[in-house]
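Down below is the structure, laid out as structure tokens.
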């Protein structure tokens, strides 16, 4: 008869009992290194694995583990996202510190490699990065570059959110890397011209995109306006600003594409 930990994992991940027992054994080994201690009971571990950060760190550590089937590893990655908060309704914003695991982008890359990165996953990723842009640099450059490319090329995610994700990424990485990524994106045939135009508008903006991005953030529920409708200073401070070095790339792209009309990011 399965113990409480294996039973909980079997239910949460909808996995076979045998793999649930393997996961329970791995949890007893791994979770005390993430949070808690060796004296934790299985009941303690069940509670700890309901914490988005703890479960996410546990899940990401197993994504390449050959002892687990691909469906179970996929379930681990998906639950790492499912545990993250999103605003519950229009006008509500997340105001608490992020509880996302430090290697959330590794989970996103795993799902993207299997063509399983959904719009909802991207929304979770965007909110997590907005609260903590350091998540971008806590994974290898190849991983974050791959995730950025997949987000930008996903037509099911609206253009304003893709542009906002790109801005957070480019603001978080070292400037030479941002320059290389922006050049690649503006040449990538899988990225639609309207999104490239939006990215160019952000880079060319005198405020390096901050006011344009603040409007997106307010519209998407990332930040709230003040009581009188004004922009709160603390909200503005959380908005990314694109590196100045990207401006010439945007200008060259616009010159080649003869799109000189004002662009509204949508």
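Between residue 187 and residue 219, what length in nm is gained on full extension when 0.36 nm per residue of separation is reduced by their alpha carbon distance?
That works out to 8.6 nm of additional length.
Taking 35 Å as R0, compute the FRET efficiency from the Cβ-Cβ separation of residue 244 and residue 140 and round it to 0.05.
The formula returns an efficiency of 0.85 here.
By how many nm would the segment from residue 153 to residue 237 grow when fully extended, if each residue of separation counts as 0.36 nm and the alpha-carbon distance is taken off?
That works out to 27.4 nm of additional length.
Just to be sure I understand the model, the point goes 7 Å from the Cα along the line to the Cβ. What's the resulting residue 116 to residue 50 distance in nm?
According to this spin-label approximation, the distance is 2.5 nm.
Per-residue ellipticity at 222 nm for the chain, helices alone: DSSP H runs ≥ 4 residues times -39500 (n - 2.57), over residue total, nearest 500 deg cm²/dmol?
-18000 deg cm²/dmol
Enter the mean projected area of the convex hull around the alpha-carbon atoms of the chain, in nm², rounded to one decimal.
With every direction weighted equally, the projected area is 15.5 nm².
Give the Cα extents of the stretch 1-70 along the principal axes, in whole Å, largest first.
Sorted largest first, the three principal extents are 28, 27, 18 Å.
What relative contact order, as a whole-number percentage, does the chain give when Cα pairs under 8 Å and 6 or more residues apart are counted?
14
Would you mind ranking 255, 192 by Cβ crowding within 10 Å, fewest neighbours first?
Least to most surrounded, the residues fall as 255, 192.
Each label point is 7 Å from the Cα along the Cα-to-Cβ direction; what then is the distance between the points at residue 42 and residue 194, in nm?
5.3
Where a number appears in this text, it was derived from the coordinates with a stated rule and is not lab data. Computed from a predicted structure; not experimentally measured. A quick note on method: Cβ atoms are made from the backbone with ideal geometry, for glycine too, and the neighbour counts reach across all protein chains shown.
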